[in-house]
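First comes the structure, then the notes that go with it.
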Amino acid sequence: MTQHTALLNETPTADAMLRARARLVVPGGMWGHLNAARLPEGYPQFFAFAEGCRVRDVDGREYIDFMCSWGPIVLGHRHPEVQAAAEAQAAKGDCFNGPGEVMVELAEDLVAMLPHADWAMFQKNGGDATTSCVTIARAGTGRRKVLVARGSYHGALPWCSPSVAGVTAEDRAHLLHFEYNDVQSLRAAVEEAGKDLAAILVTAFRHDMGRDLELPTREFAAAARMACDAADAALIIDEVRAGLRLDVRGSWEALGVRPDLCAWSKAIANGYALAAVTGNDRFREAATKVFVTGSFWCGTVAMAAARATLRIARETDLARHIHAMGLRLREGLASLAKEHGIAIRQSGPPQMPLMLFEADPDVRKGKAFCSVALRHGAFFHPQHNMFLSLAHRPADIDEALQAASHGFKAVCELDARSNR
């Protein structure tokens with residue numbers, strides 16, 4: 001019997017039975033960040049239903065969702081207007097011999113919405129978009145070196161995957177590294193690249209797994225822009241995780257820094273599979289020369305969903321709402337932690353918060369907190385940044401904080417046992 005069986009009568013749960021079946025036909029039963037075996041005890045692997053800011057697992061347990069499908073759900077699960085747009089397009093067809101009219105309309109929407117963008121092209125996953133950006137930058141400059149921040153995640157591909165299994169040194173031969181928000185480190189990497197600098201690739205904010213998050217400083221953003229201008233290289237912002245949640249015009253727009261190329265995915269179609277590259281006229285011709293394609297990249301249904309998502313994001317002042325809800329969550333967690341005498345650190349933008357416990361190198365406190373909060377109906381994560389959506393309302397945040405109070409109590413009990 002495993003931890004995923006019911007504790008009272010030891011009858012296997014629906015989730016446990018699906019895990020057992022999956023192990024026979026899927027390597028390891030699951031893969032990557034979607035693998036619930038990497039989460040604390042009690043987390044479900046399989047889900048049956050979602051609506052608004054709530055998800056329901058295959059055993060019928062419902063949770064207030066603070067992962068939002070790891071970022072794609074920005075308006076709430078099954079947003080009615082997005083669903084209607086997708087279903088209307090699906091009635092006409094999805095995968096044709098070529099794109100539908102909606103592709104041109106979506107590109108027009110992005111160019112009108114994003115101050116840096118003169119054009120757009122589409123893919124399916126975030127890794128498609130970051131890889132396309134790097135390819136276009138190299139084609140446009142005729143150079144090889146790409147600068148990336150240590151620890152930053154840009155996709156699960158050989159050139160950038162956090163895993164080294166199956167990866168050769170040659171896959172990453174032309175990557176150079178710097179420290180996020182460290183101007184001197186960035187300048188040293190630029191100097192190392194010399195005349196072979198093709199691009200600086202940087203996430204919208206620092207969101208490395210299991211460490212405090214960092215918003216970019218104005219000085220750092222300006223230094224990246226200046227270095228690319230001096231070398232006639234591409235500044236690429238990876239918006240895959242942050243896109244729409246900080247600023248619908250682009251995450252660095254408020255810093256006065258615009259990229260040459262930008263990679264988008266996750267939230268742009270509110271859960272439908274879509275990615276995009278946007279760019280300026282400096283790299284327009286290069287984008288026409290590279291060969292990047294995919295069998296389903298012109299699927300019309302996701303593009304129709306994206307058009308609705310972008311419109312709603314603009315009309316509702318999405319970033320302001322989810323900032324307010326994230327701030328309500330952050331302040332509530334801080335108050336509860338103080339009430340229980342527990343030291344925590346909260347970092348990152350409120351729209352994509354991270355809470356870590358002090359003196360918790362093995363994440364035992366974080367896992368205890370999340371496991372108990374989960375049992376009381378709140379789906380948090382102990383190490384990964386979380387996500388807020390338009391569907392989260394004050395009452396949902398307050399209900400989740402009630403679940404969090406049980407989690408903090410569990411941490412107190414864990415500390416008490418450790419101090420005996």
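Key figures
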{"read-out": "Rounded FRET efficiency, nearest 0.05, which uses the C-beta distance separating VAL167 from LYS338 and R0 of 30 Å", "value": "0.10"}
{"read-out": "Inter-label distance for ASP59 and ALA416, nm, one decimal - labels placed 7 Å from Cα along Cα-to-Cβ", "value": "2.6"}
{"read-out": "Extension reserve of the THR217-ALA395 stretch, reckoned as 0.36 nm per residue once the Cα distance is removed", "value": "60.7 nm"}
{"read-out": "Antiparallel content of DSSP bridges confined to the chain, in %, to 5", "value": "55"}
{"read-out": "Highest-MSF residue in the chain out of ALA193, ALA88, ALA263 [GNM, Cα springs under 10 Å]", "value": "ALA88"}
{"read-out": "Sequence-distant lysines (8 or more away, or on other chains) whose Cα lies within less than 19 Å of LYS365", "value": "LYS338, LYS409"}
{"read-out": "Among beta bridges that DSSP assigns inside segment 80-315, antiparallel share in %, nearest 5", "value": "40"}
{"read-out": "Rounded tilt (10° steps) of 80-90 against the dominant C-alpha axis of the chain", "value": "60"}
{"read-out": "Net charge dipole size for the chain [Lys, Arg +1 and Asp, Glu -1 on Cβ; Debye, nearest 20]", "value": "540"}
{"read-out": "Spin-label pair ARG78/PHE47, simplified geometry with 7 Å Cα→Cβ offset, distance in nm", "value": "1.2"}
{"read-out": "Stokes-Einstein translational diffusion, segment 80-315 - Kirkwood Rh over all Cα pairs, 1.002 mPa s, 20 °C, in µm²/s", "value": "119"}
{"read-out": "Taking THR217, THR203 and counting other C-beta atoms within 10 Å, the order from fewest to most", "value": "THR217, THR203"}
{"read-out": "Cβ-based charge dipole, the chain, positive-most Cα from PRO162, ILE136, ALA378", "value": "PRO162"}
{"read-out": "Compactness of segment 370-420, expressed as Rg and Dmax over alpha-carbon positions, Å", "value": "12.8, 45"}
{"read-out": "The chain: Rg to Rh, with Rh as the Kirkwood radius over Cα pairs", "value": "0.97"}
{"read-out": "Nonlocal amide H pairs with MET67, under 5 Å, H built at 1.01 Å", "value": "PHE387"}
{"read-out": "Mean separation of Cα contacts under 8 Å, 6 or more apart, over the residue count of segment 256-361: relative contact order %", "value": "19"}
{"read-out": "Mean separation of Cα contacts under 8 Å (6+ apart) over length of segment 80-315, as relative contact order %", "value": "32"}
{"read-out": "Inter-label distance, nm, simple model (7 Å from Cα along the C-beta direction), GLU192/THR293", "value": "3.7"}
{"read-out": "Residue-span extension gain [ARG23 to ALA90] - 0.36 nm each, minus C-alpha spacing", "value": "20.8 nm"}
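Rule-based calculations on the coordinates, nothing more; no lab input. Note that this is a predicted model, so its numbers are computed, not measured. Methodologically, a virtual Cβ is constructed for each residue, glycine included, from the backbone with ideal geometry; neighbour enumeration extends over all protein chains shown.
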